[in-house]
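Below you'll find the structure, written out as structure tokens, and then a few comments.
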Amino acid sequence: MADWAHAALDRPDAWGDLVTGRRIGVVTTAASRSLEGSGTGPGKRPALGRRTDTVLAEAGATVARLFSPEHGLEGTLDPGESGGDSAGDDGVPVISLYGPRRRPEQRHLADLDAVVIDLPDAGCRAYTFSATMLGVAAAAAEAGVPAIVLDRPNPLGRTAAGPGLADERTAFVAPMNVPLRHGLTMGEMAMRDARERDYAPPTVIRCDWQGNPCPADAIWMPPSPGLPTSETAFGYAGTVLFEGTNISEGRGTTRPFLTVGAPFLSGEALNDKLAQTPLVGIDHWPITFRPAFFKHQGVLCGGIALHIADRRRADPIALVVRLFAAIARLAPDDVTASAFLERLSGGDDARRILLHGADPDEVLETWRIQATDFRRHRTAILLYPDDEAPP
């Protein structure tokens, strides 16, 4: 949560009557917190407060069950790690929705009066919290249990960029056909999904947001270990695609998704190649690094460091395409990609650039057309201002 906008959780006047005196389930995580204090006056700012379930309980709801997304209720589990079901400190059951089970079962919903969903998002289709939210909303509709989405701002702002899904393919890292960087909030995605899949839509409680991206000095509660700062969220929107390759995306360093490299790369050569096509709003420089865990653990890697210098103009999608093209030229015999790259990117364009030398300009133009068409058609479900709307 950040002080540049206020989450719906901070608007009890808008949701209090929907939960007071009712038995509810809550989908939440450690990053889903209220803001406390007005933050007015010189040097004063709001502080992170209590988690969703605590706020709802103090408003008179009976929290009967908690549901946790990937990374667990505390947001500390590594990617792909399932913590399993557990119990909170107060004995409330915590049902994991990551691992073998990706959505609640009917027995988890049958004794509830409502399900409240309050999850932050990273603004990127590949981040799995949106898939969890959509799965819960659909399951609640099937069970006849009202779902309530407490909305939060998109930290990346309204910009839409990158590929959609080829042939409408879906995966947990691509739960709906929107661009990789979609510019929607969780509530807007929930409305779109209910409309497209024809189920009862959840009630969306609006947050206070004007569509602007998260500023560098805003309060940031990491939703997962790989996004320790808001700047890493901007990098993630593009460099997440390296998760489907043998190139390190910086996990195991202090700057994940802002560090890219491999043992077979020269940082100087990669930086020089990338500099041939200037990237607006993104600074980069050559480095060597040694990941403490994940890919290439303990091995010296050459690569580049990234800094998001202008959050409104930076394009992490163009960045990753240029990086793929540069690496394809520098290390064609060393770079590899798995099927996960296609699931992350929604098609085979990224693989074609990295492994087969496809023209990056042609791919970017195709993605630009897709994103522009998406922006034109998303207006019907938007709840907040859109300064990225095409003419």
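The values are calculated or read from the model by the stated rules, or taken from the named source; none is laboratory data. Here the structure is a predicted model, which is why all the values come from computation and not from measurement. With ideal geometry, Cβ positions are generated from the backbone for all residues, glycine too; neighbour counts draw on all protein chains shown. Ligands, DNA and RNA are stripped out before the accessible areas are found, and what is left, the full protein with its side chains, is counted by its heavy atoms. Shrake-Rupley method; radii C 1.70, N 1.55, O 1.52, S 1.80 Å.
Residues that are open to solvent by 60 Å² or more (accessible area, probe 1.4 Å) and within 19 Å of Val178 (Cα to Cα): find the helices (runs of 4 or more DSSP H) completely inside segment 314-391 holding 1 or more of those.
Helices (runs of 4 or more DSSP H) meeting the threshold: 339-345, 360-377.
Within segment 137-157, which residues are open to solvent by 30 Å² or more (accessible area, probe 1.4 Å) and in a loop (DSSP other than H, G, I, E, B)?
Result: Gly144, Pro146.
Within segment 257-271, how many residues turn out to be more than 16 Å from His307 (Cα to Cα) and free of Cβ contacts under 8 Å to residues at least 40 places away in the same chain?
2
Given (1) open to solvent by 20 Å² or more (accessible area, probe 1.4 Å); (2) in contact with a Gly (Cβ under 9 Å, 6 or more places away or on another chain); (3) in a loop (DSSP other than H, G, I, E, B), identify the lone condition not met by Pro291.
Single failed check for Pro291: (1).
Exactly one of these conditions fails for Leu73: (1) modelled with pLDDT under 95; (2) open to solvent by 50 Å² or more (accessible area, probe 1.4 Å). Give me its number.
Only one criterion in (1) modelled with pLDDT under 95; (2) open to solvent by 50 Å² or more (accessible area, probe 1.4 Å) is unmet by Leu73, namely (2).
State whether one or more residues within segment 121-128 are in contact with a helix residue (DSSP H, G or I) (Cβ under 8 Å, 6 or more places away or on another chain) and at pLDDT below 95.
yes
Report yes if Asp198 is over 19 Å from the mean Cα position of the chain (by Cα) and acidic (Asp, Glu), otherwise no.
Yes, satisfied.
Which condition does Tyr236 not pass, out of (1) of a type outside the set (A, V, I, L, M, F, W, C); (2) open to solvent by less than 40 Å² (accessible area, probe 1.4 Å); (3) at positive phi, if it passes all the others?
So Tyr236 meets the others, but not (3).
Which one of these does Val27 not meet: (1) at pLDDT below 90; (2) within 30 Å of Gly250 (Cα to Cα)?
Single failed check for Val27: (1).
I'm checking my understanding of the structure. Among residues of segment 48-62 that are open to solvent by 50 Å² or more (accessible area, probe 1.4 Å) and touching a residue at least 24 places away in the same chain (Cβ under 8 Å), which one is nearest to Leu35 (Cα to Cα)?
Leu48
State whether the residues of segment 321-332 include one that is among the basic types (Lys, Arg), in contact with a Lys or Arg (Cβ under 7 Å, 6 or more places away or on another chain) and on the phi < 0 side of the Ramachandran plot.
Yes, segment 321-332 has at least one match.
Considering only residues of segment 158-195 that are assigned to a strand (DSSP E or B) and open to solvent by 10 Å² or more (accessible area, probe 1.4 Å), which is nearest to Ala138 (Cα to Cα)?
Ala171
Residues of segment 208-225 being open to solvent by 10 Å² or more (accessible area, probe 1.4 Å) and in a loop (DSSP other than H, G, I, E, B), which ones?
Matches in segment 208-225: Gln210, Asn212, Pro213, Pro215, Ala216, Asp217, Ala218, Ile219, Trp220, Met221, Pro222, Pro225.
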